[in-house]
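J.: Take this structure first; my questions come after.
No value in this document is a laboratory result; all are computed from the given coordinates. Remember, predicted model here, so these are calculated numbers, not experimental data. In this analysis, Cβ positions are derived from the backbone assuming ideal geometry, glycine residues included, and neighbour counts consider all displayed protein chains.
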Amino acid sequence: MPLVQIENIMDAELVLWRVSETEQELSSLVLPEDLDSISGFTSVGRRVERLAWRAALRSAGIRQSVIYNRNGSPFLKDSDRHISVSHCKEMACVAVSPVKCGVDIENAARDCSRIADRFLSERERPFLAGTPNPGMAAWCIKEALYKYAGRDGVDFLHDIRIVSNGIDVYEAVVCGETAEVCLIYEEGCVIAFAHAPAK
């Protein structure tokens, strides 16, 4: 089982999973209803991605059914816990939290500098100056905040703003709501976890 780690952040669990199994191997690690969730996918890659994050979720002891809201975001049926999921080529990440959250995982070396002007303002750039690959860090933060917002039509440049930074924690405003984002580097990936500010 390629469970990399379960990390506790702000009363949430972040489950990181290295995707190295075949579809058949992953199928043996999930619930039967998880297999039903991939029946409409024709792409093996898409089925493996879905099964990988479901395996990560199940490895954390979560047995509730996963259903989707109108925006396509997954949530746990009959549970007060919130989930957010993300995957990149060889990794999957699941956040399980008592409050709404958003998570994104990306290859830390991926270059998105050519498109950074589409989602990162000049005012935000100094907050990311000390990070490896600031453009990728910004993209990851904003993607996690987009999932945290949980609504359609959110503009990454105008509706999501990074307003300050601490040590691997960023304060942001998304659609008028304040949030915090933790940034973690692990297994060649950058992971952003967005959550309500600590009280």
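J.: What is the order of ARG70, ARG47, ARG54, fewest Cβ neighbours within 10 Å to most? Before the final figure, lay out each step's value.
T.: Details: ARG70 7, ARG47 19, ARG54 27.
In increasing order of surrounding Cβ atoms, one gets ARG70, ARG47, ARG54.
J.: Same structure, new question: ASN165's amide H: which non-local residues (gap 5+, or another chain) put their own amide H closer than 5 Å, with H modeled 1.01 Å from N in plane and none for Pro or chain starts?
T.: GLU171
J.: May I have the count of lysine pairs in the chain with C-alpha atoms under 19 Å apart, counting pairs 8 or more residues apart or located on different chains?
T.: The result is 5.
J.: How do LYS100, LYS147, LYS89 line up, fewest other C-beta atoms within 10 Å first?
T.: LYS89, LYS100, LYS147
J.: Can you sort VAL181, VAL66 so the residue with the fewest Cβ neighbours within 10 Å comes first?
T.: Values: VAL181 26, VAL66 20.
Ordered by Cβ neighbours within 10 Å, fewest first: VAL66, VAL181.
J.: Here is a further query. Mind pulling the angle between the C-alpha long axis of helix 134-149 and the longest principal axis of the chain? Nearest 10 degrees, somewhere in 0 to 90.
T.: The two axes meet at around 60 degrees.
J.: With a ≥ b ≥ c the root eigenvalues of the C-alpha gyration tensor of the chain, is it rounded (a/c under 1.5), prolate (a/b larger than b/c) or oblate?
T.: Working: a/c = 1.80, a/b = 1.55, b/c = 1.16.
The shape class here is prolate.
J.: Just subtract the alpha-carbon distance of ASP11 and THR42 from 0.36 nm times their residue separation and send over the number in nm, one decimal.
T.: 7.5 nm
J.: Quick one: helix 44-59 against the long Cα principal axis of the chain, what's the angle to the nearest 10°, folded into 0 to 90?
T.: Once rounded, one gets 90 degrees.
J.: Can I ask one more? Classify segment 105-195 as rounded, prolate or oblate from the Cα gyration tensor: take a ≥ b ≥ c as the square roots of its eigenvalues, call it rounded if a/c is under 1.5, otherwise prolate when a/b beats b/c and oblate if not.
T.: The shape class here is rounded.
J.: Once you put a point 7 Å from the Cα of ARG123 and another 7 Å from the Cα of CYS175, both along the Cβ direction, what distance in nm separates them?
T.: So the label points at ARG123 and CYS175 sit 2.0 nm apart.
J.: Now for a separate question. Specify whether the C-alpha gyration tensor of segment 1-103 places it in the rounded, prolate or oblate class, a ≥ b ≥ c being the square roots of the eigenvalues: rounded for a/c under 1.5, otherwise prolate if a/b is larger than b/c and oblate if not.
T.: oblate
J.: Another question about this same structure. For the chain, what is the calculated [θ] at 222 nm in deg cm²/dmol (nearest 500), taking -39500 (n - 2.57) for each run of four or more DSSP H residues and dividing by its residue count?
T.: Dividing the helical sum by the residues of the chain leaves -6500 deg cm²/dmol.
J.: Let me ask something else about it. Any idea what the alpha-carbon Rg over 2.2 N^0.38 Å comes to for segment 85-140?
T.: 1.27
J.: Now, a different point. For segment 167-191 and segment 97-164, compute the distance between their C-alpha centroids and round to whole Å.
T.: Computed from Cα coordinates, the inter-centre distance equals 8 Å.
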